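The values are calculated or read from the model by the stated rules, or taken from the named source; none is laboratory data. The structure displayed is predicted, hence computed values, not measured ones. No Cβ is skipped: glycine too gets one built from the backbone with ideal geometry, and neighbour counts run over all protein chains shown. Accessible surface is based on the protein model in full, side chains and every heavy atom, while ligands, DNA and RNA are left aside. Shrake-Rupley method; radii C 1.70, N 1.55, O 1.52, S 1.80 Å.
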Number of protein chains: 2
Amino acid sequence: MAHVKIRVDSMKAFCNEVFKKFGFTEEESSIITDVLMLSDIYGIESHGVQRLVRYHKGIESGMIKVHAKPEIVKETPVSAVIDGHEGMGQLIGHFSMNLAIKKAKETGIGIVTVRESNHYGIAGYYAKMACDQGLIGMSATNSEAIVVPTFGKKAMLGTDPMAFSMPAEPYPFFFDAATSIVTRGKFEMYNKAEEPVPRMWGTDENGHPCTDAGRVLRNIKSKAGGGISPLGGVDEVYGSHKGYGNAMVVEILTGILSNGLTSNHNLINNHGGTCHFFAAIDPSIFGNPEMIKNHLSTFLDEIRESPKRDGKTKIYTHGEKEVLATADRMKNGIDVDIKTLEEMKDCADYVGVDYYKYFGYLGVKIFYNPDDHTQY
Amino acid sequence: MAHVKIRVDSMKAFCNEVFKKFGFTEEESSIITDVLMLSDIYGIESHGVQRLVRYHKGIESGMIKVHAKPEIVKETPVSAVIDGHEGMGQLIGHFSMNLAIKKAKETGIGIVTVRESNHYGIAGYYAKMACDQGLIGMSATNSEAIVVPTFGKKAMLGTDPMAFSMPAEPYPFFFDAATSIVTRGKFEMYNKAEEPVPRMWGTDENGHPCTDAGRVLRNIKSKAGGGISPLGGVDEVYGSHKGYGNAMVVEILTGILSNGLTSNHNLINNHGGTCHFFAAIDPSIFGNPEMIKNHLSTFLDEIRESPKRDGKTKIYTHGEKEVLATADRMKNGIDVDIKTLEEMKDCADYVGVDYYKYFGYLGVKIFYNPDDHTQY
């Protein structure tokens, strides 16, 4: 699919206006936009502005309640449980991580679990919020059940990502990964390219390994059976039970501890019910935070400097690809495909935002020229 | 290799006497024995009495200091840092998890990090300690560097297991897994059987996938390069970077936060330097603990009852295999191979324990009869 580059500032201004028109306040719109944009800036396009259509449809259908405010339903000096009242996931996430950070600054540790939320973007955004304040940040979320437990054939688990971030030099440790072998987005990419997916990635309606991305995606949609494999694939020989176990830990930290819905009950009958987990830890409870940061920085250096496999020139530490992507996106703009531009235009029309003001005729089918490399 | 069955009580009594003869107190010997035996009872033989030889050699060489006592070097109401002073890992672990449990009962959460310890057995033992008291338990440890980061060819990471346990009916959720694709024990099994290991499990001295278990093991020993792969294998396509990321999180929680050694500096010049992590969380900070337990039990039931893949009759939840193994081992005894029996005899001779009193001539080479199925 054709892609265009759009300047970060233009996209930010557009998203901000769209969310304000949806009924969010100035501050709320800016938070939602910031979460979406960080994905695109970090090169995780699947969770950035590509998702605008889902938020648009979620708000339109009433699944996402624009005016809901997160409510603290239980609280201790080290913890809280939040009821999101089916509001916008990014706002609930931002509120909850701020609460975890506040508690970590007071007691050393803050853990917040959330029920009745919606899709909150990348887990890493919230881990980064803590890291930006010198703390260790963690976040996890459940989601629609599209992952099949080892030996099963029905999707019972979400892709259940867990993020972990911590200050280091020259850039923080930032690890954000689904506990599944890949996310649905990868299947969509292979499907568009009409290429078979690697054998361990997913299973068909009978639970057999299936390399046909389209079939897996259709089965997920129609709930015909099968789905995406946990990290480790289909069988125990490669550790499928370990990825499945990691997903279970995320299900516990999110749906179980918040007394909310586990992934197998998420997103049924236009009810999101997504649950999240947030933790912040002040490293100073373990020692001098500068010393701890230096210790981690040294270890990350040792790994990057360690001998490379034949044919490889670089060992990445987690967070490095995001730094490289940020430099690129700030200079060259973010990557947006034509389908997303069309969805942005639809969304703008729906809420009454002047799309042309931001992007001219870019993405408007009849005028679109793939050789036009103008940056908007 | 020939195996025999030994009654749990006999093995317990033997180990207890051995550790007392090494100079541990009655109570200390009983803790060490309990950690070892839980591995065997849970069917994780690689971490049970098979390891006796390593503790024997560790104590003999002075790497493990028998009379060292764990010291709290930093403490807050929710956390502590322990210096193990190179003592026996099981004792340091037991002490540290008890401290985490005490803090969790007082404040809701207790996190304890440990430096300067030694091999502590299975991580799951400590998670179970918290679970046995109605809490959520977590534990992780680093270890000798035998795992290669994605795109590297030098082992920089430990197998870095993380365990998580939580009360549920009819049995607790109990998940204990290395963040590597498999542990060294699996390579040893394939090597003994002279069978090639699956392609993603390990790499040779140049970082290429290597199915020759013996070669990988020799390279690990001589530090010639290569080693075991992270969960997800050798390449990003199957999520190698995710297993590597999980290992990094364990390295941070253990070696970094305790201001101790990361795995790449462990076990050098007869200095263990192993670091651990322990956490206990009281579920009552999130709601009624009985309700939370029921919620988890229901979810585990839903997964076990969900449709099975063609050819499979059962979906396990984590902890179920350990329950089945326990029933078997308590009835039929634990599984011990002849090599381990010989090592037990050596150890008994070294400390002056009468091996024959416990096991008769079992495992004593010249008299050993593989058709003798007597239980000792």
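Being more than 7 Å from chain B (Cβ to nearest Cβ), open to solvent by less than 10 Å² (accessible area, probe 1.4 Å) and within 24 Å of residue A:128 (Cα to Cα) narrows it down to one residue among A:300, A:296; which is it?
Values: A:296 fails: more than 7 Å from chain B (Cβ to nearest Cβ).
Sole residue among the options that is more than 7 Å from chain B (Cβ to nearest Cβ), open to solvent by less than 10 Å² (accessible area, probe 1.4 Å) and within 24 Å of residue A:128 (Cα to Cα): A:300.
Any residue in segment B:204-226 that is more than 26 Å from residue B:126 (Cα to Cα), buried (at least 24 other Cβ atoms within 10 Å of the Cβ) and either modelled with pLDDT of 95 or more or within 11 Å of chain A (Cβ to nearest Cβ) (or both)?
Quick first cut of segment B:204-226, residues more than 26 Å from residue B:126 (Cα to Cα) only: B:204-226.
Add one more test, that the residue is buried (at least 24 other Cβ atoms within 10 Å of the Cβ), and what stays is B:216, B:226.
After this cut, where a residue has to be either modelled with pLDDT of 95 or more or within 11 Å of chain A (Cβ to nearest Cβ) (or both) as well, the list is B:216, B:226.
Yes - at least one qualifying residue is present in segment B:204-226.
Residue B:186 passes all but one of (1) out of contact with any strand residue (DSSP E or B) (no Cβ under 8 Å at 6 or more places or on another chain); (2) more than 10 Å from chain A (Cβ to nearest Cβ); (3) not in a loop (DSSP other than H, G, I, E, B); which number fails?
(2)
Tally up the residues in segment A:273-297 that are assigned to a helix (DSSP H, G or I), touching a strand residue (DSSP E or B) at 6+ places or on another chain (Cβ under 6 Å) and without any contact (Cβ under 8 Å) to a residue 12 or more places away in the chain, please.
Of the residues in that region, 0 qualify.
So in segment B:330-352, with the set limited to residues that are of a type outside the set (Val, Ile, Thr) and in contact with a Phe, Trp or Tyr (Cβ under 8 Å, 6 or more places away or on another chain), which one is nearest to residue B:6 (Cα to Cα)?
Here is the first cut: in segment B:330-352, the ones of a type outside the set (Val, Ile, Thr) are B:330-333, B:335, B:337, B:339, B:341-350, B:352.
Still in the running and in contact with a Phe, Trp or Tyr (Cβ under 8 Å, 6 or more places away or on another chain): B:341, B:344-345, B:348-349.
Working: B:341: 10, B:344: 13, B:345: 14, B:348: 16, B:349: 19 Å.
Among them, the one singled out is B:341.
Tell me, which residue of segment B:162-171 that is crowded, with 24+ Cβ neighbours inside 10 Å and out of contact with any Phe, Trp or Tyr (no Cβ under 7 Å at 6 or more places or on another chain) is nearest to residue B:279 (Cα to Cα)?
B:162
For segment B:74-155, give me every one of the strands (runs of 3 or more DSSP E) that falls completely inside it and has 3 or more residues that are touching a residue at least 24 places away in the same chain (Cβ under 8 Å) and within 11 Å of chain A (Cβ to nearest Cβ). Please lay out each step first, then the result.
Values: elements: B:79-83, B:109-117, B:136-141.
Output list reads B:79-83, B:109-117.
Please work out which one of (1) farther than 27 Å from residue A:223 by Cβ; (2) open to solvent by 10 Å² or more (accessible area, probe 1.4 Å); (3) assigned to a loop (DSSP other than H, G, I, E, B) is the condition residue A:174 fails and give its number.
(3)
Are there any pairs with C-beta distances below 8 angstrom linking a residue in segment A:313-327 that is within 13 Å of chain B (Cβ to nearest Cβ) to a residue that is in a loop (DSSP other than H, G, I, E, B) and polar (S, T, N, Q), with the two at least 6 apart or on different chains, and if so which?
Listed by first residue and then by second, the contacts come to A:315/A:306; A:315/B:150; A:316/B:150.
How many residues does segment B:227-242 hold that are at the interface with chain A (Cβ under 7 Å from one of its Cβ atoms) and either open to solvent by 10 Å² or more (accessible area, probe 1.4 Å) or not in a loop (DSSP other than H, G, I, E, B) (or both)?
3
So which residues in segment A:252-272 are in a helix (DSSP H, G or I), surrounded by 24 or more Cβ atoms within 10 Å (Cβ to Cβ) and more than 7 Å from every other protein chain (Cβ to nearest Cβ), if there are any at all?
Our first condition is that a residue be in a helix (DSSP H, G or I); within segment A:252-272, this holds for A:252-256, A:263-265.
With surrounded by 24 or more Cβ atoms within 10 Å (Cβ to Cβ) added as a condition, the list becomes A:252-256, A:263.
Selection gives A:253, A:254, A:255, A:263.
Hey, residue A:56 hits all of (1) under 14 Å from residue A:118 (Cβ atoms); (2) assigned to a loop (DSSP other than H, G, I, E, B) but one; which does it fall short on?
Residue A:56 satisfies all of (1) under 14 Å from residue A:118 (Cβ atoms); (2) assigned to a loop (DSSP other than H, G, I, E, B) except (2).
Of all residues in segment A:305-364, count the ones that are more than 30 Å from residue B:204 (Cα to Cα), of a type in the set (Ser, Thr, Tyr) and open to solvent by 70 Å² or more (accessible area, probe 1.4 Å).
Residues that pass the stated criteria total 3.
Filter segment B:273-292 down to residues that are within 9 Å of chain A (Cβ to nearest Cβ) and among the aliphatic types (A, V, I, L, M) and give me whichever is surrounded by the fewest Cβ atoms within 10 Å (Cβ to Cβ).
Filtering segment B:273-292 for residues that are within 9 Å of chain A (Cβ to nearest Cβ) and among the aliphatic types (A, V, I, L, M), the one surrounded by the fewest Cβ atoms within 10 Å (Cβ to Cβ) comes out as B:291.
If I go through segment B:148-161 residue by residue, how many of them are touching a Phe, Trp or Tyr at 6+ places or on another chain (Cβ under 8 Å) and aliphatic (A, V, I, L, M)?
The initial filter retains those residues of segment B:148-161 that are touching a Phe, Trp or Tyr at 6+ places or on another chain (Cβ under 8 Å), namely B:149-151, B:157.
Narrowing the set further to residues that are aliphatic (A, V, I, L, M) leaves B:157.
So the answer is 1.
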